[in-house]
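Contents: one structure, followed by commentary.
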Amino acid sequence: MLNTLKPFLQEAWEKSGFQQPTSIQEAAIPLISEGKDLIAESPTGTGKTLAYLLPVLNKIEMNAQSLQAVVLASSQELVMQVYQEFQKWSEGSGIRGTSIIGGANLKRQLEKLKKRPHVIFATPGRLLELIKQKKVKMHEVKTVVLDEGDQLLIPEHLHTVQNIVKATLNDRQVVLFSATMKPATEKLAKEMTNKPEVLRIEKDEMASSGEVEHIYFSCEPRDKIKLLEKIARLENSKTLAFINDIGEIQVFKEKMLFKELSIGVLHSDMKKLDRQETLKAFRDGKIKMLIATDIAARGLDIQGVTHVVQIDFPKDISQYVHRAGRTGRMGANGTIISLVTEREERELKRYCRELNVSLNKRVFYQGQIVPEEQRKQKLKK
């Protein structure tokens with residue numbers, strides 16, 4: 001499969017140190033290369049980005065001046081992450097690409113468009129704005145990729161995405177990837193595609209996750225902050241903590257910083273540069289804990305996350321899966337910690353039964369996470 005790709009991609013693969021392609025790459029690359037429409041579901045951390053990026057880059061005609069492919073993603077961070085992958089894999093190939101995201105300087109984006117990119121990586125709102133202003137010409141676009149498609153086909157983005165797809169050639173190729181695929185999402189995806197192949201990849205052995213432990217602490221809502229402080233103090237930890245409400249984030253941030261704990265926050269109301277700086281500090285290990293809303297952390301690939309904490313309970317089982325997928329990547333171990341009230345505890349147990357993962361209750365004892373029995377024994381001594 002890889003030997004059908006152009007030499008610059010084969011060289012980049014050699015340099016990357018990857019061994020075998022993952023299951024989703026094995027399955028998707030040939031289909032996308034053949035020009036087929038595709039709807040693919042594959043868990044987080046299985047190499048979805050390269051599964052579409054390699055065949056898309058392989059098809060670009062470098063000598064043409066036209067825009068040939070568009071990759072859409074729902075958050076600025078995800079667009080930038082995919083764009084960085086593009087830069088790495090297209091190096092020295094002569095393929096031009098640019099990122100177009102909401103919240104960024106419009107004038108600078110127009111300058112970038114004058115360089116006639118072959119591929120655009122974009123958030124939907126800003127791209128549609130530029131199409132309407134005739135600054136982006138879609139009539140020669142052959143491929144449209146929807147990354148984290150379930151997020152792009154929610155009501156607030158759906159109309160925008162449909163308009164972008166409609167602006168392209170009639171015989172365009174539409175490729176959609178997602179970590180979870182609800183029937184409603186799949187139905188919408190089928191309306192936008194033409195006789196699509198549907199791929200469902202289960203957990204990937206190649207991108208195999210390490211041991212991931214699912215544990216929970218039972219507490220009242222007001223005690224969650226105390227538990228979070230203890231988690232932030234765990235040695236050698238790199239923790240991603242999820243919260244549902246942007247308003248709450250500030251409260252947690254102030255209390256944690258008051259205790260001089262090493263934390264940062266990430267949410268969609270922050271300025272673009274602040275988001276980038278916080279992410280970089282977390283990636284580089286300068287801060288130990290990142291408290292984030294789901295939309296801000298969606299699809300982000302952060303290496304070496306040891307603990308994922310659900311401060312607030314996930315709204316459904318697929319959100320639990322997305323959050324959990326941020327740790328235990330590429331063979332590393334990880335721990336998923338849920339801070340739950342009694343009512344949430346019942347729901348959590350149901351999720352774990354459905355997901356077929358074992359769930360254990362834990363407590364803190366002298367700054368360490370231990371089973372309840374162990375603490376009781378130690379206290380008796």
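Read the figures in this text as sums done on the coordinates, not as results from a lab. Just so you know, these numbers come straight off a predicted model, no measurement behind them. Because the Cβ atoms are built from the backbone with ideal geometry, glycine has one as well, and the counts that use them run over all protein chains shown.
Numbers for the structure displayed
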| quantity | calculated |
| --- | --- |
| Relative contact order of segment 2-200, defined on C-alpha pairs under 8 angstrom at six or more residues apart (%) | 28 percent |
| Peptides 235-248, 46-59 ordered by average Cβ neighbours within 10 Å, highest first | 46-59, 235-248 |
| Selection from VAL174, THR193, ILE337, by position along the positive dipole direction of the chain (Cβ) | ILE337 |
| Charge dipole of segment 2-200 about the Cα centre (unit charges at C-beta), most positive-ward option of LEU130, VAL165, GLN81 | LEU130 |
| Neighbour-count ranking [beta-carbon atoms within 10 angstrom, fewest first] of THR180, THR327, THR4 | THR4, THR180, THR327 |
| Those aspartates and glutamates that a straight Cα-Cα span of less than 16 Å connects to LYS135, excepting residues fewer than 8 apart in one chain | GLU111 |
| Gain in span if fully extended, GLU61 to LEU110, counting 0.36 nm per residue against the direct Cα distance | 15.4 nm |
| Cα centroid of segment 36-108 to Cα centroid of segment 230-288, whole Å | 28 Å |
| Sequence-separation-based contact order of the chain, relative, with Cα cut under 8 Å and 6+ spacing, percent | 18 percent |
| For Rg and Dmax of the Cα atoms in Å, calculated from these coordinates, the label among (i) 21.9, 77; (ii) 19.2, 57; (iii) 21.7, 72 | (i) |
| Out-of-range pairs (alpha-carbon distance over 29 Å; input LYS137/LYS280; LYS88/LYS288; LYS224/LYS271; LYS107/LYS195; LYS195/LYS272) | LYS137/LYS280; LYS107/LYS195; LYS195/LYS272 |
| Dipole moment magnitude, nearest 20 debye, the chain about Cα centre, only Lys, Arg, Asp, Glu C-beta charged | 860 debye |
| Charge dipole of segment 2-200 about the Cα centre (unit charges at C-beta), most positive-ward option of GLY102, ASN58, THR143 | GLY102 |
